[in-house]
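Quick notes on the structure that follows.
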Amino acid sequence: MSATATAPTRTPTPTPDGQREGRRSRVVFWVAIVLVGLLLAAVTAAVGSGSGPTDTPLDPGSSTASGSKALVRVLEQRGTTVDVVRDADRIDGDGTVLVDDSAGVLSAGVARRIARSASDVVLVTTDPGVLESFRVRAEPAGPVRSTEPVSTAACGIPAARTARSVTPTGSGYTVRASAGTRCAPDGTASARVWGLVRTDTATGTVTLVGTTAAFRNDTVTTAGNASLALGLLGGADHLSWYVPRAGSTDAAPSLGDLAPPWVPSAIGMLAAVAVAAGVWRGRRLGPLVVESMPVVVRASETTEGRARLYARTRDRTHALDTLRVAAIRRVGRTLGLPRSAHVDEVVRRAADATGLPVAQVGAVLVGGPTPDDRALVDGVAAVDDLERSVRRAVAGDAPRASRPADPTAAAPTDLTDPRPGGRP
């Protein structure tokens with residue numbers, strides 16, 4: 001009679017070639033992710049750099065709601081040549097000059113140069129430095145969101161008086177009466193701000209326009225906005241619509257411009273070092289190994305250490321409460337209660353299982369302060385006895401104790417273990 005021996009199966013150990021192949025696959029995967037991200041970034045940049053309409057406020061070539069293309073078309077139809085310039089050197093100071101510094105990038109020096117060369121300036125800005133350069137004594141007071149037209153029939157600015165009413169939406173300025181002609185008020189008393197301010201200068205006039213709703217495509221036809229815009233910008237045969245660009249020679253220097261030339265390179269190098277350090281520290285170092293320890297520390301050392309700490313500080317109440325909390329968890333688990341069960345529910349279920357009064361079970365599991373060692377020993381013994389009673393009641397080893405008829409009657413104190421060697 002022959003017997004066939006079956007060899008035990010063994011889990012194959014990964015070979016160095018297999019590990020190398022897995023590492024190569026992960027590298028290829030992440031390289032593909034990076035390439036896809038770069039491709040998406042390039043496509044997004046190509047799409048965003050198109051020549052379509054932009055949402056830039058008061059863009060003279062934009063037909064969107066915030067643009068001003070409609071106003072430019074009407075000015076051209078009325079015989080005004082509109083020249084949109086991005087460089088201050090191309091401004092024609094003989095005609096009307098609209099300085100649109102809505103983005104707040106204009107340099108104060110360039111603003112002073114325009115103020116000396118242009119005689120009729122329409123200014124749109126909230127930059128205090130630019131206002132000071134044009135000698136306009138007004139302070140920006142924040143945005144104005146009201147869309148209710150305000151009367152300008154008594155305004156000292158001819159274009160505003162002809163319009164009779166304008167929409168104040170845009171920006172407001174706080175201006176003293178002696179600082180120039182004020183129009184288009186919004187608010188009352190000390191909170192009043194003004195949307196139009198005209199100041200006479202040595203070379204001509206500067207009209208500060210905060211009511212930019214008069215220039216926008218979506219509100220130019222509201223109230224007398226169109227009349228105001230055409231009166232301010234169409235008074236001469238030529239209009240220079242000047243819009244400074246960020247990063248140009250006309251723009252105020254940014255923090256990057258003021259920094260030394262080596263700062264960007266240093267920041268890039270630090271970023272590369274940070275990425276390299278992250279990759280170095282975050283890479284897998286291989287499977288975990290068990291380190292051979294010179295000694296083996298028993299898990300009970302923590303419990304014994306805490307017990308010695310409680311004994312040294314004579315914190316009997318804390319020691320007994322620690323035992324009570326653990327007993328509540330064990331009793332709840334024995335009774336089939338979830339871990340989230342409230343202590344009151346554990347007390348009620350334990351009382352039902354053992355037949356003891358709820359007050360007595362609560363005194364054992366919750367209790368109060370422990371004044372001396374005798375109270376500590378009695379409390380520990382009561383906790384042990386209650387746990388044994390719950391286990392016997394759940395297992396059916398002993399009949400349930402009968403509950404006293406009077407709930408206020410004295411609770412029995414017999415929680416002793418009837419088995420030989422039990423606690424007396």
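The values are calculated or read from the model by the stated rules, or taken from the named source; none is laboratory data. Source: prediction; values computed, not measured. Here the Cβ positions follow ideal geometry from the backbone for every residue, glycine too, while neighbour counts run over all protein chains shown. Note: accessible area is taken over every heavy atom of the protein model, side chains too, but ligands, DNA and RNA are not part of it. Shrake-Rupley method; radii C 1.70, N 1.55, O 1.52, S 1.80 Å.
Of everything in the range 342-364 that's open to solvent by less than 30 Å² (accessible area, probe 1.4 Å) and among the hydrophobic types (A, V, I, L, M, F, W, C), which residue is farthest from the chain's Cα centre (by Cα)?
Here the answer is Leu356.
Could you list, in sequence order, all residues of the range 190-239 that are assigned to a strand (DSSP E or B) and either touching a residue at least 60 places away in the same chain (Cβ under 8 Å) or surrounded by fewer than 20 Cβ atoms within 10 Å (Cβ to Cβ) (or both)?
Listed by number, the residues that qualify are Val197, Thr199, Asp200, Thr205, Val206, Thr207, Leu208, Val209, His238, Leu239.
Of all residues in the range 77-92, count the ones that are open to solvent by 20 Å² or more (accessible area, probe 1.4 Å) and either assigned to a loop (DSSP other than H, G, I, E, B) or hydrophobic (A, V, I, L, M, F, W, C) (or both).
8
Answer yes or no: is there a residue in the range 414-423 that is under 26 Å from Arg306 (Cα atoms), open to solvent by less than 20 Å² (accessible area, probe 1.4 Å) and modelled with pLDDT under 90.
no
Kindly indicate which of Ala341, Ala382, Ala353 is over 24 Å from Thr302 (Cα atoms), touching a helix residue (DSSP H, G or I) at 6+ places or on another chain (Cβ under 6 Å), among the aliphatic types (A, V, I, L, M) and part of a loop (DSSP other than H, G, I, E, B).
The conditions single out Ala341.
In the range 150-162, is there at least one residue being within 20 Å of Ala177 (Cβ to Cβ), in a strand (DSSP E or B) and hydrophobic (A, V, I, L, M, F, W, C)?
Scanning the range 150-162 turns up at least one residue that is within 20 Å of Ala177 (Cβ to Cβ), in a strand (DSSP E or B) and hydrophobic (A, V, I, L, M, F, W, C).
Being within 11 Å of Ala213 (Cβ to Cβ) and surrounded by fewer than 16 Cβ atoms within 10 Å (Cβ to Cβ) is the filter here; which residues of the range 147-170 pass it?
Thr147
Report every pair of residues separated by at least 6 positions or lying on different chains whose Cβ atoms are under 7 Å apart, first residue within the range 365-382 and in contact (Cβ under 8 Å) with a residue 40 or more places away in the chain and within 12 Å of Arg324 (Cβ to Cβ), second in a loop (DSSP other than H, G, I, E, B) and not acidic (Asp, Glu).
Listed pairs, sorted by first residue: Leu376/Thr370; Gly379/Gly367; Gly379/Thr370.
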